Amino acid sequence: MNQQSFYGGFAVERLRDPAFWQQLAPELHVGDADFWQAQTALELDETQLATLNERTIREGYFQTDPVDWQLPIARMGALIHTLRQMQIPPVLGFVYDEFWLVYVKMRPLLARILGDDYVTLPNMWAWHIDPAQNEHGWKPHRDRGRISLFEDGRPRILNIWLPLSDATPLNGCMYLVPADRDPTYNTPDEMSMQYQLNDIRALPAPAGSMLGWNQAVLHWGSHSAPRNVPPRISIGAEFQRSDTEAFSQPWLNPTAMPTFADRLLIIAAQFQRYRHHHPDDAGLAWLADNLAP
């Protein structure tokens with residue numbers, strides 16, 4: 001790859017310019033403090049919060065129907081599709097306020113599961129799984145495993161995965177083995193896979209729904225089918241309790257608006273962090289070193 005340019009001939013300096021991003025998607029926002037402050041949290045009642053928290057402990061994950069984000073979820077998905085067409089890694093969608101605000105709006109649920117003083121970790125990604133290209137999500141894995149759990153099954157850290165387009169078995173939806181169906185879950189033998197195939201659970205998810213799982217659950221993104229179906233577009237981020245040892249640093253305030261420069265620094269770090277999931281993309285290490293100002 002030309003060290004002076006980016007995929008598709010984009011000079012990396014363009015990606016460092018907020019004006020480039022505002023022109024690319026004028027309906028979205030880049031560092032708009034008034035827009036950020038005007039947002040409100042999701043309206044989740046006590047019964048919903050209690051149910052989702054209990055499921056997270058018992059089964060290791062939760063899933064909801066689409067919620068009223070009051071954000072342009074379809075436009076966010078279209079932006080990721082545009083980035084892919086331009087050969088720009090989808091995780092750069094996180095330059096926009098909306099990609100952070102979906103998580104800010106989840107504060108009532110995250111606080112219920114992780115405690116009021118939870119923090120955002122500088123770990124996030126975006127996916128564009130295209131059936132036309134025979135693509136798939138990340139292979140079966142546990143993240144940090146049982147060290148990420150308390151003895152009673154409560155999570156110290158949580159992954160939140162949000163579909164921006166409908167995720168189906170044909171375009172690579174998520175699959176997992178629920179904690180209460182996994183014999184080696186939260187045991188010293190957790191890397192020994194002894195679950196029954198009929199205990200695998202598919203998680204088709206409409207755009208705008210919410211999924212979350214702890215980092216001991218075995219999960220993966222399935223292989224898409226070579227059919228005429230839309231891509232699976234989604235984003236993910238990590239959050240942890242503040243009363244336990246840091247899993248990643250620096251901790252981020254879950255409601256504060258990061259500056260544009262900080263967003264680029266965080267995004268650049270993702271290229272190195274998740275490079276093992278994309279071993280054939282030699283450009284990720286270069287981006288890790290050259291994207292941030």
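Values in this text are rule-based calculations from the coordinates and carry no lab data. Keep in mind the model is a prediction, meaning the values are calculated, not measured. Positions of Cβ are generated from backbone atoms using ideal geometry, with glycine treated the same way; all protein chains shown enter the neighbour counts.
Between residue 11 and residue 192, with labels modelled 7 Å along Cα→Cβ, what's the label distance in nm to one decimal, could you check?
Simple spin-label model gives 5.9 nm for this pair.
Could you work out which residue, out of 227, 146, 263, moves most in a Gaussian network model of the chain, that is, has the largest mean-square fluctuation with Cα springs under 10 Å?
Result for the chain, Cα springs under 10 Å: 227 fluctuates most.
Given the options 72, 159, 82, identify the residue whose Cα lies farthest towards the positive end of the charge dipole of region 46-254 (+1 on Cβ of Lys, Arg; -1 on Cβ of Asp, Glu).
The Cα lying farthest towards the positive end belongs to 82.
With springs only between Cα atoms under 10 Å apart, run a GNM on the chain and tell me which of 271, 247, 20 wobbles the most.
Fluctuation is largest for 20.
Can you find, among 218, 49, 62, the residue sitting farthest towards the positive end of the charge dipole of the chain, where Lys and Arg contribute +1 and Asp and Glu -1 at Cβ?
Going by the charge dipole, the pick is 218.
Per residue of region 33-45, in order, report the coupling 6.51 cos²θ - 1.76 cosθ + 1.60 (Karplus, θ = phi - 60°) as ³J(HN,Hα) in whole Hz, putting x for Gly and Pro.
Calculated HN-Hα couplings, in order: 5, 5, 4, 4, 5, 7, 6, 10, 6, 4, 8, 10, 7 Hz.
To the nearest 20 debye, what is the magnitude of the charge dipole of region 46-254 about its Cα centre, counting +1 on the Cβ of each Lys and Arg and -1 on the Cβ of each Asp and Glu? Intermediate values should be presented prior to the final figure.
Details: 18 positive and 23 negative charges, 89 e Å.
Dipole size: approximately 420 debye.
Pull out the extension gain between residue 144 and residue 51, defined as 0.36 nm times the separation in residues minus the alpha carbon to alpha carbon distance; nm, one decimal.
31.0 nm
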